[in-house]
Every structure is written in structure tokens, then in C-alpha cells.
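Student: Sharing a structure with you now.
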Amino acid sequence: MSVEETVGVKRRDFLKVVGAAGATTAMIGCSSEKVEKLIPYLVSPDETVPGVSTYYATTCRECSAACGVIAETRDGRTIKLEGNPAHPLNRGALCARGQSALQGLYNPDRYRGPMIRRNGRLEEVTWDEALKLFVQKLGELGGSAQNAAFVNRHESGSLPLFLNEWLAGMGIPASLSIDPNADHAAIAANRQAYGVAWPRYDFSAARLIISVGADFLDGWGASVAHQLDFADARAKLTGAPRMVYVGARRSLTGLNADQWINARPGSELSIVHMLGGVNAVTPEQAAQQSGVDVATLTALKREFDSARPAMLLAGGASPSGMELCLAAYNVNSASGAIGTTIKPAEAINSFEGIDPPSHLRVLAARMQAGAVPMLMVRGVDPVYSMGKSLGFAAAMAKVPFKVSFSAIPDETTAMCDLVLPDNHALESWGDAEPVRGTLSLQQPAMDPVFNTRSTADVLIAAVRATPATATRYPLPDYRSWLLARFPGGASTFAAALPRGVTAGTTPVPTTRTLPAPLVMPPAAATAGD
Amino acid sequence: MKLQRKWLAVPGLIALAATAAMLSAYAGASSSERNSPAQPVAFPHPQHAAGALKMNCVYCHFSANKSPDPGMPAVGTCMGCHTVIATDKPEIKKLAAFWNAKQPVPWVRIHKLPEYVHFPHMRHVNGGVSCQTCHGDVQNMKQVSQASSLNMGWCINCHVGRSNPPLKARYDCATCHY
């Protein structure tokens, strides 16, 4: 036996390895392909060409702003959203949140169908069973209907009108229109100062923009509109505005600013007062409060005094939110910014009609007192968003019958007795009025993924199921209701649909009269916080 | 030295095998040409596309000239005629059973290109390539079988202009490969 033979690969071993490898390759690589099936449609849907996309103009409902989107749908599934160039608010742009609407549409956690709580657990039922229970409970309300409540996600357009009309027919007070992400302090201040919820900020008209805590490029108000206007302003070859951001957190707005002043949280008001010379606040005093050095604040004050037109924005989380916003209004008013850089006449309409959190607190107090016989919630999650200290969950537990129209499981729905899951916005009909005088149309870009129904359709079906009230809605669904009231009628609607926007207006929701709280809520109910 | 040379043979042989595999794939030796599986309903193309009817392919494969996907006819398209025609035939009874159960017919796929190739039907149909050029005389096939190898060499043959009549198309990689 030579040394080589013991160390090297033996001929037989080599052949075995090569043979086995070859056989494996032949098995995997050259076997006849997996049998695939070609599954045709049972009945081909109209206007559908497999493999070719169809584009639908519709409205984004991810926040209150109501931007226009173009939904690309292929083989019956929406696959991409882009901004609608014809839309006055977002002009073809779409924010990350709007882009992610598809994640909500195909969310695997979405409710597959209606559910009823039996023995403490939500059980899947048919729509007939769920509707029957809903109609029965509505019928049992009788005279106590005036104490029932409907909490709705805020949106502009015809749906609030439809909803309040429906509620009035049932003897239930108008719905609460809730937007947990809105800057309520800024909205309350705007309403008091300008008479509108959200004026247009014309960044192009300003020479200097100072933002005190208002993250206007990322989530503060109609961000996409702000981003576009700000980009236009900064692209100007001459007279482009300088931007200073004052705030503890270097937000997206802070990152895009020419100067970021890292002020201590809670010191915003002193800086605004210093800029306006209110209460004789000196840069020294503001510096002491904010932890910023005097020279920086003195320079800021000097710059603000010399730059005209200027714009001072204030907002964001702050213990004195509304006071801060009103102080900023006074400074803007004194510097002549109102009408030049801040334009209430070109207001963004989307934020009109949002209920302040105090209204939810009043509702919580009434529920806590056991005065609410039935609670209906659609599209919002107050148990989660209201904060535990307000005790919304404990109050809600005292309501005998709770209905949720939520499409996905959340903290509020987990407490409900009946779940009637709503369609996703991309599966629904509707409209919005983002800018006064312009309607943004909403149409389904695809059939519902799951066994869900549009809440407006469910409400109509509930009325039609009762012979006594069936005549109230002669039309079978919300789409027909919408078309019947649409300015110019169904033909105008159909003609405007491909573009997604059309001239028109919906009546402003009237200010609601809330039933008086039976027990005063624990925290002072100011409109601002 | 002797030991090292022996080990050199292993990568050498592997390289040789890989080259052979690629060449054979290019030439069509590994394609599923002449693959002709039985279908859940024995649909006779000659009855429809030849003979007295001479239906156009695009009547059923409705998107061959406007989409990458040629379009499989919906069961409803079949039932458009077969609710009244030849309802007593055993195969039509099978079709009607699918229709009544609201189930699509699970046709077995025969023509399949690898995932890394895109083949837009409409470009070829609108460019003057007849269906038969690639699919063979389907109108005479009692049971459809794959007439061509559908391998790259076979594709390139036309793209460089060696078809009859000669047509020419781009043949850089990105024309067909992603």
C-alpha cells in the first residue's frame, strides 16, 4: 500500500460521488416540470384584460386631508397607489402613509366577516344574522335613542351628512367626528383666530419662515400640500425664504431647516412671546427658559423684525398648545402675515368639523354614568387613542350594547358585542371636499378582499329591513344615495370619475348640540388640548 | 504531483458537465416539447378552430393581441354556446358540471417559459407572428401538445431573422430577460 493511495481519493469513491451527484442533478434539474394549472375566470369581469392594468382615480382616507390617488389595479387586485396630478391638494404627490394604504387593504388581520359576541367570544356569523341583531337592538332603543352615540372617523364630504341624517331618523344625536392625529390645539386656535380649521400657508410669499414645534413637513396638518408649497418656495431663484425650526426634537422639518434651534420642551411660548415682544419677554428671559444662548435668540429676533413678509408657525405637543398657537397668531397679525403668507380665504377644508377631544371626554363621562344605551364606533379606536387616564375603556364597559364597524381588530372592537366590518377606502364609494369648492371622488378600485360591507350600505340595509322605516331609503345603497344628491347628477359624477376631481361643494356640517354631561369629566374640558 | 492532478479532474469534470447542460438546454434537449397531458375536459380544438366553425383563436384567447397574457376563456364563454349546443355529449356534461358547481375548469398548463423570461403575447401577435408559428397547428390537434421547444435557441432563431417569412426583432438580453 503506497502512501498516495491512503491519502488520495480512491477511484471507486470518486466514481460513487460523481454518480450520485449526477443522478441528483438529473432528478432535480431534468425532471418534467411541476404540473401547473391554468385557472380561468368563471365569468370574465367587464373591462378586464389579464396582465394589463386599469387605473382608478379615487381619494386617500389614511388621514383627514383627503388627497387624490390613482390606484393601479391588475387582474382584479390593486397593486400600486400614486398621487392624482389633477388634485388641487397633493398635485400628483403622495406621502408614505398614503402609499402604505395597500398594507391596510391586504392586512391579513382584517376581519373576514361580521361577528357577534357569544359567551364572551366574538364568533363569525352571516351578514343576515348580524344585520338582524343590529336591527333588533336599534328597535329596542325606543325613546332612549337620544342617549345613544355614534363615534366616527373624521372625513369631509357627503358621508357625515348621510350619517347624521340616518342618525336623526333613528332619533340618535349627530355623530362625533374624531381624528386622533390632528393637532387639535392648532385647529381650535385657527378656528378662533381665522374662522377656519386650517388656513393655507403660502410659503412662496414669505421671506422668513419660523416654525416653533410645528412639524409641517411631516404630519402636521395637510403635510403633502405643505411639502409641495415649501418645495416650490425653496426652488425660487430669487427671494426664496429662509427657514428656522425651533423645537427640542429635530424632526423632518427641523432637518430641512436652515437653522435648528434646540429649545427645551415647554419653552415654546416664551420664544413666541419674545419674537412678538409680548409681555416684554426679552431674549435673556427666553434664553433662560429654553436653554438656548442669548446671542442666538437675539439674532433670531433681529432677523424676524427685519424680514417681511414673514410667517410664524406654532404647534405640536405642548402643555399650552392653544395658548401657543394664539400667541403665534397675534405675532403674525402684528407682522402683517395674515392674508399675505397665511391665507384663511384659501383654507383647506378637510379639517372642518373635527370634534375636539373634550367631546369624547363628555361622552366618556356619560357612558361612565350609565346613560348611554348603545355605542357605535367606526374607523377610530378611542380606547387606544384616548389615553388610559381618561378611563374610556372602563366607561365603555358600562354600555349595554356596543357596535364596531372597524375593519381590523383593535382595543375598542375587542370590547364590542357586534362587529360589522367596513370596507377599506379602496373598496368604497364616497367623496371628500379637500378644498372649498372642489370635490374629490372616491370609487372602489377593486372588489372587497373579504366578506365586508361599506358601513353606509349596512346602515341603509338596517333601515330597509324594518317595514315601518323602509320607505326612508328608496335607494338600495350609499352609491345611489350619493349619485342622487350629487351636483349635476349621475352623469356629471360619471364624467368626473376618470379625473377624480370636480367642481362642487357639500354643505358644511352644522355645529352639533351635545347632550349635557351628567357628570363633569375628570379633566377640565378645554377645546384646545 | 500525481495527487494534485487527480484532484484537478473533479472541477474539470464539473465544468464540463455544466457546459454540456447549458448547451443541451440551449439546443432544446431538456424542453418539454411534445408534452401533451390529458385535460380535465377533453376540449377539441379541431371542432372549434377548423372544420365548419373556423373560429378565430382570439375569440376565446381574448387578450392575445392586447396583453402579455393570451387570456384563458372564462367558463361563461364556453357556456355561452354550450347551454344549448351538444348538451348531451359526455365532455359537455363535464363542463356543465363545473359551471353548475361554480368552479373554474382547472386546465393543465402546457406552454410555460421560465420565470426569468417575459414573453409579451401582444408584441408577437401584433408584429405579424401567427399563433401557429409557436404553438403549431393547434386547430388540428385533438389533444394539444407543445409543438416547439420554447428554448432560447429556438426564440433567437426568429429574433435574428431566420424565420420564414423573415421577421427581425431585437435580441439583446434585456429584450426577454428581466
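Student: Only four residue types carry charge here, +1 at the Cβ of Lys and Arg and -1 at the Cβ of Asp and Glu. Report the dipole size of the protein assembly as shown about the Cα centre in Debye, rounded to the nearest 20.
Tutor: So the magnitude is around 1820 debye.
Student: Based on the Kirkwood radius over alpha-carbon pairs, what value in µm²/s does the Stokes-Einstein equation return for the translational diffusion coefficient of chain B at 10 °C and 1.306 mPa s?
Tutor: Using the Kirkwood radius from Cα pairs, D works out to 82 µm²/s.
Student: At 37 °C and 0.692 mPa s, what whole-number value in µm²/s does Stokes-Einstein give for the translational diffusion of segment A:365-515, with Rh from the Kirkwood sum over Cα pairs?
Tutor: Translational D for this selection: 185 µm²/s.
Student: Rank these residues by their accessible area, most exposed first, probe 1.4 Å: A:Tyr56, B:Tyr59.
Tutor: Final ranking, largest accessible area leading: B:Tyr59, A:Tyr56.
Student: For chain A, with all protein chains present and a 1.4 Å probe, just round the carbon and sulfur fraction of the accessible area to a whole percent.
Tutor: Here carbon and sulfur together make up 55 percent of the probe-accessible area.
Student: Let's see if you can work this out: charge +1 on each Lys and Arg Cβ, -1 on each Asp and Glu Cβ, no other charges. What is the dipole magnitude of segment A:285-363 about its Cα centre, in debye to the nearest 20?
Tutor: 120
Student: Taking only protein heavy atoms into account and a 1.4 Å probe, give the accessible area per residue of segment B:107-162 in Å².
Tutor: Here the residues of segment B:107-162 average 56 Å² of exposed surface.
Student: Shifting gears a bit: To the nearest 0.05, how large is the calculated FRET efficiency for A:Ser144 and A:Ala317 if R₀ is 60 Å and r is the Cβ-Cβ distance?
Tutor: That gives a FRET efficiency of 0.95.
Student: Let me see the pair-distance distribution of segment A:148-230: every alpha carbon pair, 5 Å bin width, integer percents in order.
Tutor: Taking all Cα pairs of segment A:148-230, the binned fractions are 3, 12, 17, 19, 17, 12, 9, 6, 4, 2, 0 percent.
Student: Okay, moving on. Which value results when the Cα radius of gyration for segment B:81-178 is divided by 2.2 N^0.38 Å?
Tutor: 1.45
Student: Additional query: If you take the Cα Rg of the protein assembly as shown and divide it by 2.2 N^0.38 Å, with N the number of residues, what do you get?
Tutor: Relative to the rule-of-thumb radius for its length, the protein assembly as shown sits at 1.29.
Student: So for the protein assembly as shown, taking the charge dipole from beta-carbon charges (+1 Lys/Arg, -1 Asp/Glu), which of B:Leu16, A:Cys325, A:Gly247 sits furthest toward the positive end?
Tutor: Result: B:Leu16.
Student: Cross-link candidates for A:Lys402: which lysines have Cα within less than 21 Å, leaving aside residues fewer than 8 places away along the same chain?
Tutor: In chain and number order, the partners are A:Lys132, A:Lys137, A:Lys388.
Student: Sorted from largest down, what three extents in whole angstroms do the Cα atoms of segment A:55-107 have along their principal axes?
Tutor: The principal-axis extents, from largest down, are 30, 20, 13 Å.
Student: Here's a follow-up. Leaving out ligands, DNA and RNA, calculate the buried accessible area for the pair B and A with a 1.4 Å probe, summed over both sides, in Å² to the nearest 100.
Tutor: That pair of chains buries around 2200 Å² in total.
Student: Then there is this: At 7 Å along Cα-to-Cβ for each site, give me the label-to-label distance between B:His111 and A:Arg250 in nm.
Tutor: If labels sit at B:His111 and A:Arg250, their model points lie 6.0 nm apart.
Student: Provide A:His226, B:His118, A:His424 ordered by accessible surface of protein heavy atoms (probe 1.4 Å), highest first.
Tutor: B:His118, A:His424, A:His226
Student: Please calculate how many Å² of accessible area segment A:184-312 carries per residue, with a 1.4 Å probe and no DNA, RNA or ligand atoms counted.
Tutor: 40
Student: Just the accessible area per residue of segment A:56-139, please: how many Å² with a 1.4 Å probe?
Tutor: 46
Student: P(r) of segment B:41-106 in 10 Å steps, Cα pairs, percent per bin?
Tutor: 19, 50, 27, 3
Student: While we're looking at this one, here's another question. Can you pull the Rg over Rh of segment A:184-347, Cα-only, Kirkwood?
Tutor: With Rh from the inverse mean 1/r over Cα pairs, Rg/Rh is 0.92.
Student: Work out the charge dipole of segment A:35-100 with +1 on the Cβ of Lys and Arg and -1 on the Cβ of Asp and Glu about the Cα centre, then indicate which of A:Pro40, A:Pro88, A:Thr73 is farthest towards its positive end.
Tutor: Checked the options; the winner is A:Pro88.
Student: With 14 Å as the cut-off, how large is the P(r) tail for segment A:366-412, expressed as percent of Cα-Cα pairs?
Tutor: 47
Student: Right, here's the next one. With a 1.4 Å probe and all protein chains kept in place, how do A:Lys37, A:Lys236 rank by accessible area, largest first?
Tutor: A:Lys37, A:Lys236
Student: Let me ask you something else. Which entries in A:Lys37/A:Lys80; B:Lys54/B:Lys89; A:Lys37/B:Lys102; B:Lys93/B:Lys142 show an alpha-carbon gap greater than 23 Å?
Tutor: Long pairs (Cα-Cα over 23 Å): A:Lys37/A:Lys80.
Student: Please work out how much accessible surface A:Lys301 shows to a 1.4 Å probe, ignoring ligands, DNA and RNA, in Å² rounded to 10.
Tutor: 50
Student: Which residue, A:Ala465, A:Ala287, A:Gly489, has the largest displacement toward the positive end of the dipole of chain A when charges sit on each Cβ (Lys, Arg +1; Asp, Glu -1)?
Tutor: It is A:Ala465.
The values are calculated or read from the model by the stated rules, or taken from the named source; none is laboratory data. Predicted model only: the values in this text are computed from it and were never measured. Cβ coordinates were reconstructed from backbone atoms using ideal geometry, including for glycine residues, and neighbour counts include every protein chain displayed. Quick note on the areas: whole protein, heavy atoms, side chains included, nothing else; ligands and nucleic acids left out. Shrake-Rupley method; radii C 1.70, N 1.55, O 1.52, S 1.80 Å.
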